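**Student:** Provided herewith is a single structure, encoded as structure tokens, for subsequent inquiry.
Here, each number is a calculation from the coordinates, and none is a lab measurement. All figures in this text were calculated on a predicted structure; none of them were measured in a lab. Cβ atoms come from the backbone with ideal geometry, glycine included; neighbour counts cover every protein chain shown.
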Amino acid sequence: MNVILHYWRAMWGVISRELWRFFRQRERFVAALVRPLIWLFVFAAGFRAALGIAITPPYETYILYEVYITPGLIGMIQLFNGMQSSLSMVYDREMGSMRILLVSPLPRWFLLISKLLAGTAVSILQVYVFLLIAWFYEIRPPWEGYLWVLPALILSGMMLGALGLLLSSFIKQLENFAGVMNFVIFPMFFTSTALYPLWKIQESSELLYTLAQYNPFSQAVELIRFALYGQFNQFAFLYTAAAFLLFMLAAIIGYNPAKGMMKRKGGA
Amino acid sequence: MNFVTALKITDLSFSYGSKKALDQVGFSIDQGQCTILLGPNGAGKTTLFALITRLYDSRSGTIELCGFDIKKQTRQALAKLGVVFQQTTLDLDLTVLQNLRYHCALHGMSRKLANSRIREELERLNMFERRFERIRQLNGGHRRRVEIARALLHRPAILLLDEPTVGLDVPSRKAIVEHVHQLALQNDMAVLWASHLIDEIYPSDHLIILHQGSIRAKGKVDEVLAATHSESIDAAFHKLTRGAPE
């Protein structure tokens, strides 16, 4: 059998399984959308008066806070989705269905990347539905932005998914997942440029400014923000790509039976 | 190439920290041979399966599937293997058909080939009519049948079953035991069946008795009986695993 064909069929199999599961779990879809929409309709509306946004790239004019926060909320969807995927990996491992993936005759790195792509595909679906709702709320980036944002979403989704994958190689039980919420999702989201621009953060705290600047989530949000307005942020791209490679490599080691998770379980 | 020895394990050891789970385990299984791996709880059966499927890795000893070393030629070796794990590994929210198609995709099968194999395997187990049902709607016996059908879709040379009848009622257990024995005979498949239930053993089977991580006896049923001077497998098993937890 053609090896490339085998790889393609396997990858498509993993992605379609994730999509089947996603469409079966409607509550997950609704929850994934409700969260950013509440931020947009309630939090952002309340902050509109309190927070003035100066003209900063990629924006060429004064913007409403809702417009500023939209890329951050897209990042939030992908961040939660990445963590959700990692939760489902821990669940799959506890329930055993992960074994079927790991004993299939393909290299483990490829299986993990397929799993990541599958999670990213689901997050991109969620993002476009969110953007559609936002359009009716008068948040309307240029038309080409909807196209340019796609590659940015793939990279940011892969980076956040790889982080989730890495975490799932460490987390042994579902119960430990609550810790991920407190120690990963919230700090990552709040110390980023999702809610406030960097210069605004710098005004209040230098430490927070440094943290936000080097937070990979900030760079993913900036990559999305620029792409949505048809611009390419090279630094954000390189930083997000580097973070993806780092997390991915660590996750592959984590899932290697000779070196990672299995080793910690014990090995002769 | 014609492989007579489907599974060959040599000097395999594995520890969980300082606790030895397997100690110098070695045996081989030929094609068409049904081997029952018998051992009390905690004997090391599940660890052995995790090593054969490369979920765990061991530094000492070798595992060969149809001549392929599981560490060096992992993909070729895993392609020869069909597995039914002790715990169900089906996706409960998906249908029978979706679960089986997922497995076929992982083995690189075309949609056409997958459909014909799925039909064949499900019909053999009288499950074809249930292909659109979600796994959650099936009872334990039917779920097991789906798992066995799935393990056979890619035509493996070796079938591993880790206590597949746990929690099933007597008729379901009997049906699965019979089906697997037929598979070994008709398809010339090597079967390694981990169990702690003596009534699942046929007189023609081979036996491996594992206790506290090491092999206490191996051979055909009558050879093990003769070696242990026992009249029944039950008696032989108790002699060899004295002091084991019930």
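**Student:** For labels at A:ASN2 and A:ARG26 in the simple 7 Å Cα→Cβ model, what's the distance in nm?
**Tutor:** 4.0
**Student:** Tell me the net charge near A:GLY164. Cut-off is 14 Å between Cβ atoms, A:GLY164 excluded, with +1 for each Lys or Arg and -1 for each Asp or Glu. Intermediate results must be reported in sequence, preceding the final value.
**Tutor:** Working: positive: A:ARG93, A:LYS115; negative: A:GLU18, A:ASP92.
That works out to 0.
**Student:** Once amide H atoms are placed 1.01 Å from N in the peptide plane, what residues at a sequence separation of 5 or more from B:LEU207, or on another chain, have their amide H within under 5 Å of its amide H?
**Tutor:** B:ILE36, B:GLY219, B:LYS220, B:VAL221
**Student:** To continue, here is another question. About the Cα centre, and with charges only on the beta carbon of Lys, Arg (+1) and Asp, Glu (-1), how big is the dipole of the stretch B:85-155? Nearest 20 debye, please. Walk me through the intermediate numbers first.
**Tutor:** Values: 15 positive and 8 negative charges, 28 e Å.
In total the dipole reaches around 140 debye.
**Student:** Another question about this same structure. Quick one: check the C-alpha center-to-center distance for the stretch B:167-185 versus the stretch B:60-104, whole angstrom.
**Tutor:** Value for the Cα centre distance between the two parts: 20 Å.
**Student:** Whole number please: convex hull volume per residue, Cα atoms of chain B, in Å³. Mind showing how you got there, number by number?
**Tutor:** On the way: hull volume 32.2 nm³, N = 246.
Enclosed volume per residue, from the Cα hull, is 131 Å³.
**Student:** Could you work out the local net charge near A:ILE55, counting Lys and Arg as +1, Asp and Glu as -1, over the other residues with Cβ closer than 15 Å to its Cβ?
**Tutor:** Values: positive: A:LYS200, A:ARG225; negative: A:GLU60.
Overall, the nearby charge balance is +1.
**Student:** In nm, what is the difference between 0.36 nm times the number of residues separating B:GLN73 and B:HIS238 and their Cα-Cα distance? Intermediate values should be presented prior to the final figure.
**Tutor:** On the way: separation 165, 0.36 × 165 = 59.40 nm, distance 3.87 nm.
Working it through step by step, the gained length comes to 55.5 nm.
**Student:** What residues from the stretch B:1-32 fall in the zone where the backbone N is under 16 Å from a label point 7 Å along the Cα-to-C-beta line of B:SER60?
**Tutor:** Answer for this model: B:10-27.
**Student:** Sort A:182-188, B:9-15 by packing, meaning the average of other beta carbons within 10 Å per residue, with the highest value first.
**Tutor:** On the way: A:182-188: 14.4, B:9-15: 18.9.
Sorting A:182-188, B:9-15 by mean packing, highest first, produces B:9-15, A:182-188.
**Student:** Which of A:PHE110, A:PHE237 has the fewest other C-beta atoms within 10 Å, and how do the rest follow up to the most?
**Tutor:** Details: A:PHE110 15, A:PHE237 20.
By the 10 Å Cβ count, ascending, the order reads A:PHE110, A:PHE237.
**Student:** Give the residue from A:TRP12, A:VAL67, A:MET83 lying farthest towards the positive end of the charge dipole for chain A; charges sit on Cβ (+1 for Lys and Arg, -1 for Asp and Glu) and the dipole is referred to the Cα centre.
**Tutor:** A:TRP12
**Student:** Considering the options A:VAL103, A:PHE183, A:GLN25, tell which one lies farthest towards the positive end of the dipole of the protein assembly as shown, charges being +1 on Lys and Arg and -1 on Asp and Glu at the Cβ, about the Cα centre.
**Tutor:** A:VAL103
**Student:** Modelling each spin label as a point 7 Å along the Cα-to-Cβ direction, I'd like the B:SER214/A:ALA242 distance in nm, to one decimal.
**Tutor:** About 5.5 nm, to one decimal.
**Student:** Sort B:116-122, B:144-150, B:129-135 by the packing proxy (mean of other Cβ within 10 Å over each peptide's residues), most packed first. Walk me through the numbers before you get to the answer.
**Tutor:** Values: B:116-122: 17.9, B:144-150: 23.9, B:129-135: 15.1.
Top of the packing list down: B:144-150, B:116-122, B:129-135.
**Student:** Would you mind ranking A:HIS6, B:HIS103, B:HIS238, B:HIS154 by Cβ crowding within 10 Å, fewest neighbours first? It would help to have the intermediate numbers written out before the result.
**Tutor:** Details: A:HIS6 19, B:HIS103 25, B:HIS238 15, B:HIS154 22.
By the 10 Å Cβ count, ascending: B:HIS238, A:HIS6, B:HIS154, B:HIS103.
**Student:** Related question: Tally Lys/Arg at +1 and Asp/Glu at -1 over every other residue whose Cβ is under 11 Å from the Cβ of B:HIS154; what's the total?
**Tutor:** Working: positive: B:LYS80, B:ARG117, B:ARG150, B:ARG155; negative: B:GLU121.
With Lys, Arg at +1 and Asp, Glu at -1, the net is +3.
**Student:** Let's test the formula: R0 of 60 Å, r as the Cβ-Cβ distance of A:PHE136 and B:ASN41. What FRET efficiency results, to the nearest 0.05?
**Tutor:** Values: r = 60 Å, r/R0 = 1.00.
Using R0 = 60 Å, I get an efficiency of 0.50.
**Student:** Quote the charge dipole size of the stretch A:3-265 about the Cα centre in Debye, to the nearest 20; the model charges only the Cβ of Lys and Arg (+1) and of Asp and Glu (-1).
**Tutor:** Values: 20 positive and 12 negative charges, 245 e Å.
Dipole of the stretch A:3-265, to the nearest 20 debye: 1180 debye.
**Student:** In peptide B:88-95, how many Cβ atoms from other protein chains are near each Cβ within 10 Å, on average?
**Tutor:** Working: counts 3, 9, 4, 8, 2, 4, 5, 2.
Partner-chain Cβ atoms within 10 Å, mean over residues of B:88-95: 5.
**Student:** How would B:LEU153, A:LEU125, B:LEU38, B:LEU100 line up from fewest to most surrounding beta-carbon atoms within 10 angstrom? Show your work: numbers first, answer last.
**Tutor:** Numbers: B:LEU153 22, A:LEU125 17, B:LEU38 29, B:LEU100 25.
Going from sparsest to densest Cβ surroundings: A:LEU125, B:LEU153, B:LEU100, B:LEU38.
**Student:** Mind checking the dipole of the stretch B:191-246: about its Cα centre, +1 per Lys or Arg Cβ, -1 per Asp or Glu Cβ, Debye to the nearest 20? Show your work: numbers first, answer last.
**Tutor:** Working: 5 positive and 8 negative charges, 64 e Å.
Once rounded to the nearest 20, the dipole reads 300 debye.
**Student:** Taking only DSSP H segments of four or more residues, each worth -39500 (n - 2.57), what value at 222 nm results for chain A once the sum is divided by all its residues, to the nearest 500 deg cm²/dmol? Don't jump to the answer; show the numbers that get you there.
**Tutor:** Numbers: 14 runs with 200 residues, N = 268.
That calculation yields -24000 deg cm²/dmol at 222 nm.
**Student:** How far is it, in nm, from the label point at B:ARG136 to the one at B:ARG124 when both lie 7 Å from their Cα along the line to the Cβ?
**Tutor:** Output for this residue pair reads 3.1 nm.
**Student:** Right, next: Can you list, largest first and rounded to whole Å, the semi-axes you get for the stretch B:85-155 by taking the square root of 5 times each eigenvalue of its Cα gyration tensor? Don't jump to the answer; show the numbers that get you there.
**Tutor:** Working: eigenvalues 61, 31, 25 Å².
Values for the stretch B:85-155, descending: 17, 12, 11 Å.
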